[in-house]
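The values are calculated or read from the model by the stated rules, or taken from the named source; none is laboratory data. Fair warning: this is a prediction, and the values are worked out from it, not measured in the lab. Here the Cβ is made from the backbone with ideal geometry for all residues, glycine too, and neighbour counts use every protein chain on show.
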């Protein structure tokens, strides 16, 4: 039996990078996939690829920094499929390098709004649905920046640390209600977001890991499947590190 057979899986940021890889892997594992991403993005190619795997799929628009948008996306999913079994709160943004002393307040506000407050909005309303239906699994996207400082990325680092605190509180408060919450903490991942970085910076990231390569979206997607399935049934509140040996 496939690992997510008959499960409804809700994935934010599902139209590209890690989110798209997670959608595809969930489909291969038998899930009904809800691709949640910003309205206006061309999601047809991703939907077609998922459906080519004989999986049910639906697109729902979402802006995770807008609480009403989050509620509408979750409600639309439940209206269509009756439940959510697994939520992957993956949507997020990077940030320009800056000192703390000269970081524009607007930059801080935007990064925190998407990467932390947006995760809280998703978790809050996913938990409300899980409590109604008798359980569920949450996987939050954090980062290696949630475990250590990333020079010049204070807002990103603060947000990703906050995601881990949120995740641990899910485990502590809701385990008795058959709800698990875990997080993924990758080093830099080869996504379209990283392709915009200067070649010298990209090379320095590769040299910074003993593996001498960066993580792939597919490797993160495999980690998501592990945390989303019964393979990880006694994992709760953990931070799963994917870093090629950096933290070692």
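Quick notes on this structure:
- Residues within region 96-113 that are touching a residue at least 40 places away in the same chain (Cβ under 8 Å) and over 11 Å from residue 159 (Cα atoms), tallied: 6
- Output for region 213-248, where each listed residue is surrounded by 19 or more Cβ atoms within 10 Å (Cβ to Cβ) and part of a helix (DSSP H, G or I): 217, 220, 221, 223, 224, 225, 227, 228
- Of 41, 3, all but one fail to be under 18 Å from residue 138 (Cβ atoms) and assigned to a loop (DSSP other than H, G, I, E, B); the exception is 3.
- Exactly one residue out of 26, 31, 73 is within 22 Å of residue 159 (Cβ to Cβ) and at pLDDT 95 or above, and it is 73.
- Residues within region 133-157 that are buried (at least 16 other Cβ atoms within 10 Å of the Cβ) and either in contact with a strand residue (DSSP E or B) (Cβ under 9 Å, 6 or more places away or on another chain) or closer than 30 Å to residue 77 by Cβ (or both), tallied: 14
- Residues considered: 192, 186, 210. Of these, the only one that is in contact with a helix residue (DSSP H, G or I) (Cβ under 8 Å, 6 or more places away or on another chain) and modelled with pLDDT under 95 is 192.
- Members of region 158-176 found to be more than 18 Å from residue 141 (Cβ to Cβ) and surrounded by 13 or more Cβ atoms within 10 Å (Cβ to Cβ), listed by number: 174, 175
- Per-region count, region 192-212, residues within 22 Å of the chain's Cα centre (by Cα) and loosely packed, with under 11 Cβ neighbours inside 10 Å: 3
- Unique residue being farther than 18 Å from residue 238 by Cα, in contact with a helix residue (DSSP H, G or I) (Cβ under 8 Å, 6 or more places away or on another chain) and surrounded by fewer than 24 Cβ atoms within 10 Å (Cβ to Cβ) when the list is 125, 97: 125
- Annotation note: Cβ proximity below 9 Å between a residue of region 17-40 that is without any contact (Cβ under 8 Å) to a residue 40 or more places away in the chain and at positive phi and a residue that is surrounded by fewer than 24 Cβ atoms within 10 Å (Cβ to Cβ) and in a strand (DSSP E or B) (sequence gap 6+ or interchain) occurs for 40/61.
- Scanning region 176-186 for residues that are farther than 11 Å from residue 240 by Cα and either in a loop (DSSP other than H, G, I, E, B) or touching a strand residue (DSSP E or B) at 6+ places or on another chain (Cβ under 8 Å) (or both) returns 178, 179, 180, 181.
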